[in-house]
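Down below is the structure, laid out as structure tokens.
Bear in mind that the values in this text are calculations on the coordinates, not laboratory data. Computed from a predicted structure; not experimentally measured. Neighbour counts run over all protein chains shown; Cβ positions are idealised from the backbone, glycine included.
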Amino acid sequence: MKRHLNCILTALAFTLTTTATALAGSPGQTTLVLDLDECIRTALKSAPEIGEAQADLELTSSKLQEAKSYRYPQMDLLALFGPAPGAKREDISPVVNTDKSFSVKEMTWFTSADLLITQPLWTFGKISENMKAATHGIEVDKAKKQQKANEIALEVKKYYYGVLLAREMKGVLNELQDYIDTGKKKVRQLIENEVPSGDEIDLYKLDAYAGSINKFMEEAKKGEQLALAALKARLNLGDNMDVEVATERLTMDSEPAGDIETFIERSRLQRPEFKQLKEGLAARTALVDAAKANYYPDVFLAGVISWAYADKRDRIDNPYISDRFQHAYGGVALGLKWHLDFGIIGSRVAAEQAQLNRLQSTNSYAEAFIPLQIRKAWLEMKEAEKVVTVTHDAYKSAKKWGAAALANFDFGIGNPRDVFEAAEIYGKMKGDHYQAIYNYKLAKANLDHAIGELPVAPRK
């Protein structure tokens, strides 16, 4: 039994070990008594992983807004102010003066503004495909956020059930300690009454057994403290706040588990990773199409307004003469812009296609791995469920055995070794029973995570 209890408590401590410090019970501390759903909700509110996922979602949303904005007109304004040479109408009328000398004295100042407005008409998918990619990207980030929430819920469940397991182990050890104390009292009575079956060696054995129980008790207390500390850290509570679990006992679920195929089908509908892959493939396909669209020109409608004024320059109204320092005109035109290069666009298309191929490989892996993960959790849950029943019957029988052995010992017809063996089997089986319930709870939590179950039930 010593070895068995030691393995259980060591495994518990290893599972619950975290960098969080143990809770301090100083005066002025506020203790929150929370059930499992409340713990998960509290953890989700303050989890930094959720904040990071939300920031990624907002970033992708901004990319969608950027892609949509390319559908609307764009305006470029160029305004200038600077020196310009003076010019008179007489210099070109009635004949053009070709030997007009430059004179600093005739310098003046000019100001101008040129406005170009372009409205895309047809881009062969550059805008629409980028919009499509950003839309699917938002769904990817939403699924990532849900995935983080599921992971946090799984972590909280481990700590929460860890607290309950440690307390159940303490209860088993307290029960064994009472059993040993009763045995020691009876042995002392036999020795004092000089009954032949009373032997001080039995008393020494009981003392040694009690010492072993005390050792395991300290390990169980440490496991409880670590579990509470880990739960507090996961809930991101302040130094002046502690947490206490509202659940008193570690018990089995009342509802039976479904069949494995049902869980696999549910995972395809609600597992965040499946949604990420589905939306990610759609986004990557759109990006490939957007990259290919760069092979084609952009058709647009352009509007131009240009104005310039200089004080010492005469305005010339002649469609054959353009004066950049003194004019005012505008117009509308249909435009085409086509960028051609030697291999740059092809390389970008190849890069996007490589990312798509990579995601397709990841999707194939997920199609095979996630059902395996679900099957493993389901089998572990069913195994633990059977072990719970077996160990429950075993420790009940061991308890009856111990009661009978102790009664025989009282009458002086029993062997004290029977009492020790009964106590050892009873403690081992009852410890195994609660360990099996803990394993069942963890397997159920892993199964919920594997099928993408919501972290907590919606509030009514």
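Report the charge-dipole magnitude of the stretch 210-250 in Debye, nearest 20, computed about the Cα centre from +1 at each Lys and Arg Cβ and -1 at each Asp and Glu Cβ. Charge dipole, the stretch 210-250, about its Cα centre: 140 debye, nearest 20.
Scaled to the globular estimate 2.2 N^0.38 Å, the Cα spread of the stretch 39-166, given as radius of gyration, is 2.30. Normalising by residue count, the stretch 145-193 has a Cα convex hull of 31 Å³ per residue.
Residue pairs exceeding 32 angstrom between C-alpha atoms, taken from Lys148/Lys215; Lys145/Lys170; Lys382/Lys428: Lys148/Lys215; Lys145/Lys170. For the stretch 315-330, backbone phi angles converted through the Karplus equation (6.51, -1.76, 1.60; θ = phi - 60°) give residue-by-residue couplings of 7, 10, 9, 8, x, 8, 10, 10, 10, 5, 9, 8, 6, 7, 7, x Hz, Gly and Pro being listed as x.
If you average 1/r across every pair of different Cα atoms in the stretch 195-305 and take the reciprocal, what Kirkwood value do you get, in Å? Result for the stretch 195-305, one decimal place: 23.1 Å. Dipole check for the stretch 101-209: with +1 at the C-beta of Lys and Arg, -1 at the C-beta of Asp and Glu, and the Cα centre as origin, the magnitude is about 720 Debye. The string of couplings for the stretch 108-124 from the Karplus curve (6.51, -1.76, 1.60, θ = phi - 60°) is 9, 10, 10, 9, 8, 8, 10, 10, 10, 10, 10, 10, x, 10, 8, 10, 6 Hz, one whole number per residue in order, with x for Gly and Pro. At 222 nm, what value in deg cm²/dmol follows for the chain if DSSP H runs of at least 4 each add -39500 (n - 2.57) and the sum is divided by all its residues, to the nearest 500? After summing the helix terms and dividing by residue count, I get -22500 deg cm²/dmol. Each residue in Lys444, Lys170 was given a count of other beta-carbon atoms within 10 angstrom of its own, and listing them fewest first yields Lys170, Lys444.
Shown is the FRET efficiency for Glu265 and Val332, computed with R0 = 60 Å from the Cβ-Cβ distance and rounded to the nearest 0.05: 0.55.
In terms of other Cβ atoms within 10 Å, Ile437, Ile345 run from fewest to most in the order Ile345, Ile437. Once backbone amide H atoms are built at 1.01 Å from N, Glu244 has Leu32, Val33, Leu34 as its partners under 5 Å, excluding neighbours fewer than 5 places away on the same chain.
With the charge dipole of the stretch 126-261 set up from +1 on Lys and Arg Cβ and -1 on Asp and Glu Cβ about the Cα centre, the Cα lying farthest toward the positive end among the listed residues Tyr159, Ile191, Pro256 is that of Tyr159. Just so you know, the Cα atoms of the stretch 349-460 work out to an Rg and Dmax of 25.0, 91 Å.
Placing unit charges on the Cβ atoms of the charged side chains and taking the dipole of the chain about its Cα centre, the candidate lying farthest along the positive direction among Met241, Ser103, Asn214 is Ser103. Relative intensity of the stretch 257-378 on a log10 scale, I(q)/I(0) at q = 0.12, 0.22 Å⁻¹, equals -0.72, -1.17, per a Debye sum over C-alpha point scatterers of equal strength in the absence of solvent.
Normalised by the number of residues in the chain, the mean separation of alpha-carbon contacts (under 8 Å, six or more apart) gives a relative contact order of 26 percent. Exposure proxy ranking for Ser103, Ser397, based on other Cβ atoms within 10 angstrom of each Cβ and starting from the fewest, stands as Ser103, Ser397. For the stretch 300-380, the Cβ-based charge dipole about the Cα centre amounts to some 140 debye (Lys, Arg positive; Asp, Glu negative; other atoms uncharged).
One Cα centroid belongs to the stretch 270-312, the other to the stretch 348-369; the line between them spans 23 Å.
Candidates His339, Ala377, Leu36 compared by Cα position along the dipole of the chain: farthest toward the positive end lies His339, with charges placed on Cβ.
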